[in-house]
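The values are calculated or read from the model by the stated rules, or taken from the named source; none is laboratory data. No experiment lies behind these values; they were computed from the predicted model shown. Methodologically, a virtual Cβ is constructed for each residue, glycine included, from the backbone with ideal geometry; neighbour enumeration extends over all protein chains shown. Heads up: the accessible areas ignore ligands, DNA and RNA and are worked out on the full protein's heavy atoms, side chains in. Shrake-Rupley method; radii C 1.70, N 1.55, O 1.52, S 1.80 Å.
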Amino acid sequence: MAFNCYFTTLAFLLCFLAPSFAALVQEQPLVLKYHNGILLKGNITVNLIWYGQFTPIQRSIIVDFINSLNSKGAPLPSTSSWWKTTEKYRGGSSSLSVGHQILHEEYTLGKILKSQHLIALASKTHFAVSSINVVLTAKDVVVDGFCMSKCGTHGSTKSGSGRGTYIWVGNSDLQCPGQCAWPFHQPIYGPQTPPLIAPNGDVGVDGMVINLATLFANTVTNPFNSGYFQGPPTAPLEAVSACTGQFGPGSYPGYPGQVLVDKVTGASFNAYGVNGRKYMLPAMWDPQSSACKTLV
């Protein structure tokens, strides 16, 4: 997180430099190198482990988002058209569908979790190369490093059932919405632009969708730290994390860019989903153009 903030701050400062100096600074093309490893392609099952209290409406927002990734029924710009950028990476398409859902509403591991707890929760359903196990923690669950250095993570592990990938994303509503649910909340640091209205009326869960979108794209294109990334494998810039903070044209640090606005609710979004849903999805690196690509 600190590494990304350094470049964000630098880009922001360049906006205020004298034109004669700024003209000397040429933006370098962004290239995510392919490291010849396995990518997640074909039909991928997404198993959801809900840890803590989530309302049925909150769960439906996230399930609808996952179902929207490969649905052809939504108008443009659609969630599925955003996801189609992953097809430009080697190996063709990745079709995600919801599999098992496990509710852990009783906080069986407590409300303060470490990395090993997340892996234990992800292991509640079998690991397989053709699946992603996703752990979602409620707003009152503290996870080691949450808000300080991360809003979610993805990784891989081996178990008796095989090798597989997992994702964790936390609901930041009570802990750090300015960091993990921006642009739907005032940022903690940097330029203080007014927050946007969340498209599904839930700052924490709409922020989770942004982070889930980021991690789904990063996972299918770099599942085992041998896919597409730039920099060291221990701290890589990946498909979406390389494009942090960009949601529409004209974005700059502290400003998400030009996005769509619902005329009735005033909520901001840039993608339509199934069941009338609207979502805000981050820019993704396009291998064909070697640039970050937004939907609108």
Worksheet, complete the sentence: Selection over the stretch 167-196 where residues are closer than 18 Å to residue 55 by Cβ and either among the small types (Gly, Ala, Ser) or modelled with pLDDT under 95 (or both) yields a count of 3
Discussion item. I'd like to check something: does the stretch 180-192 contain any residue that is out of contact with any Asp or Glu (no Cβ under 7 Å at 6 or more places or on another chain), β-branched (Val, Ile, Thr) and open to solvent by 50 Å² or more (accessible area, probe 1.4 Å)?
Written reply: yes
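If only one of 109, 76 is closer than 21 Å to residue 283 by Cβ, in contact (Cβ under 8 Å) with a residue 40 or more places away in the chain and not in a helix (DSSP H, G or I), which one is it?
Sole residue among the options that is closer than 21 Å to residue 283 by Cβ, in contact (Cβ under 8 Å) with a residue 40 or more places away in the chain and not in a helix (DSSP H, G or I): 76.
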Fill in: Number of the condition not met by residue 240 [criteria: (1) β-branched (Val, Ile, Thr); (2) in contact with a Pro (Cβ under 9 Å, 6 or more places away or on another chain); (3) under 20 Å from residue 143 (Cβ atoms)]
(3)
Worksheet entry | Whichever residue in the stretch 96-106 is outside any loop (DSSP other than H, G, I, E, B) and exposed (fewer than 14 other Cβ atoms within 10 Å of the Cβ) and, among such residues, is nearest to the chain's Cα centre (by Cα) | 97
Worksheet item: Yes or no: residue 281 open to solvent by 40 Å² or more (accessible area, probe 1.4 Å), in contact (Cβ under 8 Å) with a residue 12 or more places away in the chain and not in a helix (DSSP H, G or I)?
Response: no
Practice prompt. Give the residue, chosen from 227, 245, that is buried (at least 24 other Cβ atoms within 10 Å of the Cβ) and touching a residue at least 60 places away in the same chain (Cβ under 8 Å).
Written response: 227
Fill in: Candidate set: the stretch 248-266, residues that are hydrophobic (A, V, I, L, M, F, W, C) and surrounded by fewer than 20 Cβ atoms within 10 Å (Cβ to Cβ); chosen: the one farthest from the chain's Cα centre (by Cα)
264
